[in-house]
1. Contact order normalised by length for the stretch 161-235, with contacts defined as Cα pairs under 8 Å and 6 or more residues apart; what percent is it?
2. Assuming R0 = 22 Å, what is the FRET efficiency of residue 236 and residue 179, from their Cβ-Cβ distance, to the nearest 0.05?
3. Pop a pseudo-label 7 angstrom from the Cα along the beta-carbon direction at both residue 228 and residue 150 and give the gap in nm to one decimal.
4. Please report 117, 26, 130, 147 as a ranked list, fewest other C-beta atoms within 10 angstrom at the top and most at the bottom.
5. Using only alpha carbon positions, build the gyration tensor of the stretch 161-235, then give the equivalent ellipsoid semi-axes as the square roots of 5 times its eigenvalues, largest first, whole angstrom.
6. Want the number for residue 196 to residue 210: 0.36 nm per residue separation, take away the alpha-carbon distance, what's left?
7. Given R₀ = 25 Å, FRET efficiency for residue 14-residue 113 by Cβ-Cβ distance, to 0.05?
8. For the residues 16, 53, what sequence is obtained by ranking on other C-beta atoms within 10 Å, fewest first?
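Rule-based calculations on the coordinates, nothing more; no lab input. Please read these numbers as outputs of a predicted model, since none were measured by experiment. Here the Cβ positions follow ideal geometry from the backbone for every residue, glycine too, while neighbour counts run over all protein chains shown.
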């Protein structure tokens, strides 16, 4: 049998096929959860990442066997930790591509973490720790699926900017009224910048605020727009 034939069939055993199947299955479970939420990295992406990591670790464990079997001489130094680190470092670039910043909101961080997790899962599968891989998949799904219900009562602080266009001769009245209105909505004014255009007699106010509720923007904008002298309001 030729050397090419040996390498063609050498690793196509039942254990190797099981590893690949589990990589597709476990990666697909994580990917399906992301797919249901409409995230950019879904079923196919997660399955491929997990299977790719598994393949790398499978080949890494086979390298010493091939090296010794070829009759090569010399010292052989194989550090699986470096191979794993290389996989996870490379996956970091893929994860970074799904993170988006939309104004003061950052999206895609959880999906990026899921990609990194799936890559680590593939390494575990490639090493043959099937029980650990199954347990980790269960914990991963718990974090992705059930922790959302724990997050809902926890309103993290956000720091939007409220832009106001006010008639220049009304600023002295409008600004205190705007501050009082923000306090009524539990919004704290952190900083203030202002610029006046003499040609149009309009003052532009930038209110840097801190709040904990994302859903109150429309209500606050409507209230500010009703203040005397206010010509335009924007929350971003």
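1. Details: 121 pairs, mean separation 36.1, N = 75.
Once divided by the residue count of the stretch 161-235, the mean separation gives 48 percent.
2. Details: r = 19 Å, r/R0 = 0.87.
After rounding to 0.05, the efficiency reads 0.70.
3. Between residue 228 and residue 150, the simple spin-label model gives 5.2 nm.
4. Details: 117 23, 26 28, 130 15, 147 10.
Going from sparsest to densest Cβ surroundings: 147, 130, 117, 26.
5. On the way: eigenvalues 87, 27, 22 Å².
Each semi-axis is √(5λ); the values are 21, 12, 11 Å.
6. Details: separation 14, 0.36 × 14 = 5.04 nm, distance 2.45 nm.
Gain in length upon complete extension: 2.6 nm.
7. Working: r = 33 Å, r/R0 = 1.32.
The formula returns an efficiency of 0.15 here.
8. On the way: 16 16, 53 26.
Taking fewest neighbouring Cβ atoms as first place, the list is 16, 53.
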